[in-house]
Amino acid sequence: MSTLADLGDLLEKAPDEPPRNGRADRVVLIVFLVVTLVVLGGSGGYVWWASAAALPAPTVTSHAPTANAGAPASLAVPSGGETLVRVDGGSEYLGPDAAQSFVASGGNEARSLASILKLITALVVLDAHPLTGPTDPGPTISYTEADTDLYDQFYVQGAVIAPMPDGLKLSLHDSLTTMLLPSAANYAVAVARWGFGSEGAYVSAARSWLSKNGLNDTRIVDATGIDPRNASTPTDLLTLAGLAQANPVIAQITGTRSAQITGVGTVYNTNDLLGTLGITGLKTGNLGDGTFNLLFTSSLDVGIGSPLKITGVRLSGETHESTDADVRGLLQSISDGFHDIPLGTVGDDVGTITTPWGSKASLVLAQTTKVRTWSDTPVTVTLDTTTPQNYADGEVVGSVVWTAGPKTTSASVKISGAIEEPTLWWRLTHPSELG
């Protein structure tokens with residue numbers, strides 16, 4: 001490199017100054033030229049050194065983005081009566097106690113079972129006369145004249161009944177379907193008589209079955225539930241629901257909207273909520289206004305992977321419609337308690353890169369992120385960055401990690417804007433900052 005050429009370049013790149021007049025300006029110029037020539041002539045040349053010297057590292061500053069928790073869940077717990085709900089799955093969100101009692105109101109006193117008792121009748125009969133599965137029709141029941149007389153007997157009482165013509169023969173599976181779906185009282189007594197010889201013998205067998213299965217707060221006096229002395233607690237009823245759902249025959253029948261039964265006709269499930277909010281069963285019952293019950297199971301998909309397995313009971317509802325509304329509102333509020341929390345958007349600023357020579361760039365998020373969580377679960381944020389290698393636009397230099405309950409999500413951090421080299425003039429005029 002020619003020293004004089006370097007000097008010429010240097011002078012060409014020097015910043016313009018406002019024109020000055022007088023002897024002082026000429027002195028300053030002469031001194032500058034002399035000093036420059038001296039420097040250029042010594043130690044291999046100052047210009048060469050300054051143009052090649054190491055630059056100070058840019059300064060990187062960063063800050064973790066803020067993340068707000070979601071709105072608290074507001075569970076629609078029914079007023080009046082008794083409600084108990086358990087949730088299996090999602091314990092990382094809802095807590096370990098959810099599997100025992102997630103929603104409880106109205107206490108745990110025994111209340112009239114009404115037709116929920118027919119689940120017990122079905123389970124006790126199947127315990128004595130098991131089917132191999134939901135497609136097994138089982139033994140054929142030949143209904144007697146005494147059985148057909150039950151139609152008139154329960155008709156007078158205003159109970160739910162289903163046709164039972166003289167000489168009717170039905171499989172055990174179809175008989176249970178006719179008992180459970182429309183909640184036919186005449187079929188409940190007839191099936192109990194068939195299974196155990198008499199309704200009284202059935203009651204004795206059922207009490208033993210209740211004791212064997214730990215349902216010690218449940219009392220039964222008949223096969224139908226019509227007698228208000230048939231009673232159970234919400235806790236026992238959730239245990240009963242688990243036993244019923246675990247039986248493939250009962251689960252299949254109670255999850256069916258309707259069935260065509262030869263000799264009987266089409267029978268319809270009294271559980272209007274089947275298929276709503278994941279509801280898969282189980283049984284309704286009532287003894288009039290203020291005694292409407294629903295024992296239910298639901299496989300509720302809330303967007304966290306496997307659906308929540310919910311078992312619940314609503315006792316002492318005012319009407320059939322209000323009881324359905326209570327259960328529907330409660331399940332919807334559980335579903336609504338899970339929500340996506342927005343965390344960051346592409347381009348959100350999380351830091352800056354600055355240099356002594358005035359070049360700047362930003363650190364920004366490379367992805368838009370969100371996390372699904374329950375209620376107002378706190379969200380923690382961590383930011384990790386590394387020293388850039390090239391300080392180039394788009395270079396990934398770290399990541400942000402958000403954690404809410406069991407869920408973790410992340411986004412890369414990248415440089416937005418390139419760090420430019422300083423001018424030769426800056427190098428020549430800032431020797432103390434060069435390496």
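The values are calculated or read from the model by the stated rules, or taken from the named source; none is laboratory data. Note that the structure is predicted; figures quoted are calculated from it, not measured. Cβ atoms come from the backbone with ideal geometry, glycine included; neighbour counts cover every protein chain shown. Side chains are part of the model used for accessible areas, which takes the heavy atoms of the whole protein and leaves out ligands, DNA and RNA. Shrake-Rupley method; radii C 1.70, N 1.55, O 1.52, S 1.80 Å.
Using every Cα-Cα pair within region 394-435, state what percent have a distance larger than 15 Å. Summing the P(r) of region 394-435 above 15 Å gives 64 percent of all pairs. For region 284-435, the equivalent ellipsoid built from the Cα gyration tensor has semi-axes of 61, 11, 10 Å, listed from largest to smallest. Counting only alpha carbon atoms, the long axis of helix 23-41 and the longest principal axis of the chain meet at about 80°. For the chain, carbon and sulfur atoms together expose 52% of the accessible surface, with a 1.4 angstrom probe and every protein chain in place. The gain in end-to-end length when the Thr408 to Thr135 segment is fully stretched comes to 93.9 nm, 0.36 nm per residue minus the alpha carbon separation. For the chain, the longest principal axis of the Cα atoms and the long axis of helix 185-196 meet at an angle of about 80 degrees.
Rounded to the nearest 10 degrees, the angle from helix 199-212 to the longest Cα principal axis of the chain is 30 degrees.
Mind ordering 170-181, 77-88, 262-273 by average Cβ neighbours within 10 Å, highest first?
Taking the mean over residues of other Cβ atoms within 10 Å, the ranking is 170-181, 77-88, 262-273.
On a per residue basis, region 236-365 carries 37 Å² of accessible surface, using protein heavy atoms and a 1.4 Å probe. In this structure region 58-156 gives 50 Å² per residue of accessible area when probed at 1.4 Å with all protein chains present. Residues Trp357, Trp425 ordered from highest to lowest accessible area at a 1.4 Å probe: Trp425, Trp357.
Remark: region 173-231 carries 34 Å² of accessible area per residue (probe radius 1.4 Å; ligands, DNA and RNA excluded). Remark: spin-label model distance Glu92-Asp336 equals 2.6 nm, labels positioned 7 Å along the Cα→Cβ axis. Estimated from the Cβ-Cβ distance and a Förster radius of 45 angstrom, the FRET efficiency linking Asp227 and Ser74 is about 0.70.
What the phi angles of region 70-76 give under the Karplus curve with 6.51, -1.76 and 1.60, with θ = phi - 60°, is a coupling list of x, 5, x, 5, 10, 6, 8 Hz, glycine and proline written as x.
Overall, the anisotropy analysis places region 76-144 in the oblate class: the square-rooted eigenvalues a ≥ b ≥ c of its C-alpha gyration tensor yield a/c not less than 1.5, with a/b not exceeding b/c. By the rule of a C-alpha distance below 19 Å, with chain neighbours fewer than 8 residues away ignored, the aspartates and glutamates paired with Lys118 are Asp127, Asp147, Asp174, Glu199, Asp217, Asp222, Asp227, Asp236, Asp272.
Computed with a 1.4 Å probe over protein heavy atoms only, the accessible area of Arg229 comes to about 130 Å².
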